[in-house]
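Heads up, the thing below is written out as structure tokens.
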Amino acid sequence: MDFEKLSMTNEDYINYVQQKSKKSPIFKNLALAFLVGGLFCILGQALTDIFEYFNYEKKVASTIATIILVFLGAFLTSINVYSKLGKYAGAGSIVPITGFSNSIVATAIEYKSEGYILGLGANMFKVAGPVIVYGITSSVVIGFFYWLIKLFI
Amino acid sequence: MKIGKQTIKLENTPKIIETCSVVGPRETEGPLNIYFDIHIDDIFYGEKTFEKAESKMLKTCVDNLLSKASTDKEHIDYIFAGDLLNQCIASGYCIRDLNIPFFGLYGACSTFCESMILASLFVNSNYASKAVAATSSHFCSAERQFRMPLEHGNQKTPTAQVTVTAAGSALIMSKDTNKKAPHITYVTPGKIIDMGITDMTNMGAAMAPAVFDTVTTHLQDTGRSPDYYDAIVTGDLGILGSEIVCDLCKDYGVDISKVHKDCGVLIFDKDKQDTHCGGSGCGCCASVFSGYFFELLKTNKINKVLLVATGALMSTVATQQGESIPSIAHAIAIENEV
Amino acid sequence: MLMEYLKVFLVGGVICSIGQILIDRTKLTPARIMVVFVLMGAILTAFGLYKPLVEFGGAGATVPISGFGYTLVAGVIEEIDKIGFLGIFSGGVKATASGIAAAIVFGYFAALVAKPKLK
């Protein structure tokens with residue numbers, strides 16, 4: 001490149017920038033992610049236990065808990081709270097199922113301005129879509145091998 | 001007349017007669033608040049979408065510029081404008097209603113200097129007697145174009161910058177105009193410099209080498225030293241980028257740290273406003289120059305400014321394809337006496 | 001009881017912390033983080049490693065998005081045992097259907113009423 005003035009190669013520059021850049025406050029971030037993520041899980045467990053107490057089967061109770069958490073994520077997003085939570089909690093609000101729901105609602109809200117079908121409808125899964133694609137694909141591949149192995153045993 | 005490697009000397013030294021700045025809510029809370037002409041507290045600015053809001057903001061800015069300078073739009077020969085949106089729609093839709101011949105420009109955040117350079121060259125060569133340069137950016141429309149949806153709960157890294165919601169414009173006329181105003185004396189269009197930075201959340205570092213290249217070339221071409229200027233103002237390098245460019249210049253043997261100012265650093269209060277490395281976007285340099293530095297020039301608090309707007313010329317598509325961030329910086333020398 | 005909840009908190013917290021390390025150290029975007037977790041959940045389940053985690057940590061292991069991968073794979077395996085080959089395709093979605101439907105419907109209605117705001 002015609003950049004003879006700077007006596008630095010690209011690699012030198014990238015290393016220099018990396019050294020100079022302020023690092024994320026990892027311990028604070030970790031603590032917050034642990035706390036918020038853990039609390040979402042406790043909420044999920046509490047909901048499961050409540051429905052089990054009312055004589056629902058364990059699996060059903062856990063599914064209802066999931067649905068409620070998905071609703072909570074969507075609700076908090078729609079009242080502009082989840083984005084603020086995410087600023088502090090990081091992965092603590094991305095990794096739980098509420099974060100999955102947040103990524104759907106956030107994109108849907110954003111693209112509403114381009115219409116209900118090609119805007120909201122088409123873009124809803126812009127961030128969350130890959131999760132479903134890779135989740136289902138991997139489960140089918142794993143299932144196929146399980147079925148194959150089962151044939152021989 | 002071209003001098004040196006890439007600088008143009010404007011013999012007819014066009015004047016910046018008037019400027020106008022419009023800023024959004026976050027910028028209104030910032031330390032430069034009182035210098036801006038118009039403050040908007042509604043991020044939608046009464047419109048349905050952010051894109052429309054940005055367009056309206058730019059329109060308000062140009063309209064107010066013309067009324068401040070008591071000129072009609074019929075008397076404007078050409079307008080040079082740009083923004084960050086795809087196909088520059090904020091400018092396009094804004095100028096649709098103005099009925100002025102239009103050049104749409106894209107130089108990312110360097111657009112303000114790019115449009116000022118072209119407008120001043122038109123005036124300098126008498127192709128135009130009145131030309132307008134204007135740019136805008138909007139936090140929400142930029143966020144959806146370059147980053148994640150607004151309501152998505154994600155964390156920004158400490159090197160990230162915040163796109164400024166603002167518009168700025170300047171009216172450039174020939175020096176024969178009977179009004180005391182700062183002159184444009186030299187312009188140095190920049191080259192594209194890419195040092196291989198791929199991190200979209202670290203624009204300051206990507207753009208700093210471009211500033212270094214343009215500033216040192218400008219000083220070489222004009223034979224000036226950094227102390228000649230009262231301020232060397234960069235567009236939106238942010239805190240980290242500013243440190244880097246001072247370092248690079250120092251290593252090269254030019255110390256600009258005493259006169260260096262950055263619009264992205266000035267526009268926000270980093271401790272109170274949680275803006276990480278500072279502001280960015282075409283509106284940043286445009287509003288801070290039009291509001292703050294133009295006022296300082298007019299009141300003779302400073303007399304010689306080198307304005308260097310910086311742009312990162314990537315798109316999300318290029319970034320997703322693994323490309324690094326090509327950057328550019330355009331410099332323009334503005335002086336009270338010639 | 002308290003002990004159970006402590007385990008839930010611990011497992012959920014640790015899983016989210018792994019995500020945080022990925023964010024801060026690798027600059028992976030949130031969409032990629034979610035995909036990594038789903039894949040990890042699916043693969044660990046295939047090797048029989050995620051089920052013990054669910055038994056130990058309950059919701060601490062099912063609420064994170066890796067639990068989605070677990071539910072998918074566990075559903076596929078269960079359905080294969082029940083109906084054979086077709087279960088490869090029907091099991092996963094069947095087990096996660098209510099979650100996906102809830103996400104779509106709540107997402108749709110939430111988006112209808114909401115307006116984006118300056119952060």
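Quick notes on this one:
- Spin-label pair C:Phe89/B:Ser257, simplified geometry with 7 Å Cα→Cβ offset, distance in nm: 6.8
- Most mobile of B:Val211, B:Val308, B:Val123 in a GNM of chain B (Cα contacts under 10 Å): B:Val123
- Only Cα pairs under 8 Å and 6+ residues apart enter the sum, and on that basis the relative contact order of the stretch B:183-335 stands at 38 percent.
- Positive end of the dipole of the protein assembly as shown (Cβ unit charges, origin at the Cα centre): among B:His218, B:Ala108, A:Ala89, the Cα lying farthest that way belongs to A:Ala89.
- Choice from C:Lys51, C:Lys27, C:Lys94 with maximal GNM fluctuation in chain C (Cα, 10 Å cutoff): C:Lys27
- Area projected by the alpha carbon convex hull of the protein assembly as shown, averaged over all directions, nm²: 29.8
- Contact order normalised by residue count of the stretch A:24-125, Cα under 8 Å, 6+ apart, percent: 27
- At 1.306 mPa s and 10 °C, Stokes D of the stretch B:6-137 from Kirkwood alpha-carbon radius, µm² per second: 103
- When chain C is treated as a Gaussian network with alpha carbon springs shorter than 10 Å, the biggest mean-square fluctuation among C:Thr96, C:Thr62, C:Thr26 belongs to C:Thr26.
- Evaluated at q = 0.21, 0.28 Å⁻¹, the base-10 log of the normalised Debye intensity for the stretch B:1-57, with identical point scatterers placed on the Cα atoms, takes the values -0.79, -1.12.
- Taking the three principal axes of the alpha carbon atoms in the stretch B:231-298, the coordinate ranges are 32, 32, 19 Å, sorted in descending order.
- Simple point charges give the picture: +1 on the Cβ of Lys and Arg, -1 on the Cβ of Asp and Glu, and for the protein assembly as shown a dipole about the Cα centre of about 560 debye.
- Hull volume in cubic angstrom per residue (convex hull over the Cα atoms of the stretch A:70-153): 112
- Dipole magnitude (debye, nearest 20) for chain B, charges at Cβ of Lys, Arg, Asp, Glu: 620
- Additional length obtainable on full extension of the chain from B:Asn300 to B:Asp271, 0.36 nm per residue less Cα span: 7.4 nm
- The stretch A:43-82: chymotrypsin sites (Phe, Trp or Tyr not before Pro) falling in loop per DSSP and having at most 14 other Cβ within 10 Å: A:Phe54
- Residue-span extension gain [A:Asn15 to A:Tyr56] - 0.36 nm each, minus C-alpha spacing: 9.0 nm
- Rounded to 5, percent antiparallel among DSSP beta bridges of chain B: 65
- Using the Cβ-Cβ distance between B:Thr49 and C:Leu10 with R0 set to 51 Å, the FRET efficiency from 1/(1 + (r/R0)^6) comes to roughly 0.70.
- Loop trypsin sites (Lys or Arg not before Pro), the stretch B:235-338, which have at most 15 other Cβ atoms in a 10 Å radius of their Cβ (DSSP): B:Lys258, B:Lys301
- Antiparallel DSSP beta bridges within the protein assembly as shown, as percent of all bridges there, nearest 5: 65
- Note on the stretch C:2-113: the alpha carbon radius of gyration divided by the globular reference 2.2 N^0.38 Å gives 1.18.
- The stretch B:2-173 - share of DSSP beta bridges that are antiparallel (%, nearest 5): 60
- Positive-end extreme of charge dipole, the protein assembly as shown - chosen from B:Gly24, B:Cys249, A:Gly119 (charges on Cβ): A:Gly119
- In this rough spin-label picture, where each label sits 7 Å from Cα along the Cβ direction, the B:Ser67-B:Asn126 distance is 3.5 nm.
- Residue among B:Met203, B:Ile328, B:Ile302 farthest towards the positive dipole end of chain B, charges placed on Cβ: B:Ile302
- Relative compactness, chain B, computed as alpha-carbon Rg over 2.2 N^0.38 Å: 0.90
- Ellipticity estimate at 222 nm from DSSP helix runs (n ≥ 4, -39,500 (n - 2.57)) divided over chain A, nearest 500: -24000 deg cm²/dmol
- Under the Debye formula (equal points on every Cα, no solvent term), log10 I(q)/I(0) of the stretch B:183-335 at q = 0.19 Å⁻¹: -1.15
- Ranked by the mean number of other Cβ atoms within 10 Å of their residues, highest first, the peptides B:27-39, B:180-192 come out as B:180-192, B:27-39.
- Membrane-span-like helices of chain B, defined as complete DSSP H segments with a Cα extent of 20 Å or more along the helix axis and a mean Kyte hydropathy of at least 0.0, are identified as B:203-222, B:238-252.
- Volume per residue for chain A equals 270 cubic angstrom (convex hull of Cα atoms).
- Among the chymotrypsin sites (Phe, Trp or Tyr not before Pro) in the stretch B:45-128, those located in a DSSP loop and surrounded by at most 11 other Cβ atoms within 10 Å of their own Cβ are B:Tyr127.
- Relative contact order computed over chain C (Cα-Cα under 8 Å; 6+ residues apart), in percent: 22
- Equivalent ellipsoid semi-axes, the stretch B:113-237, via Cα gyration tensor eigenvalues times 5, rooted, Å: 32, 21, 12
- Rounded to the nearest 20, the Cβ-based charge dipole of the stretch B:225-314 about its Cα centre (Lys and Arg +1, Asp and Glu -1) stands at 300 debye.
Taken together, the values in this text are just the output of simple stated rules run on the coordinates, not laboratory data. Here the structure is a predicted model, which means the values were calculated and not measured. With ideal geometry, Cβ positions are generated from the backbone for all residues, glycine too; neighbour counts draw on all protein chains shown.
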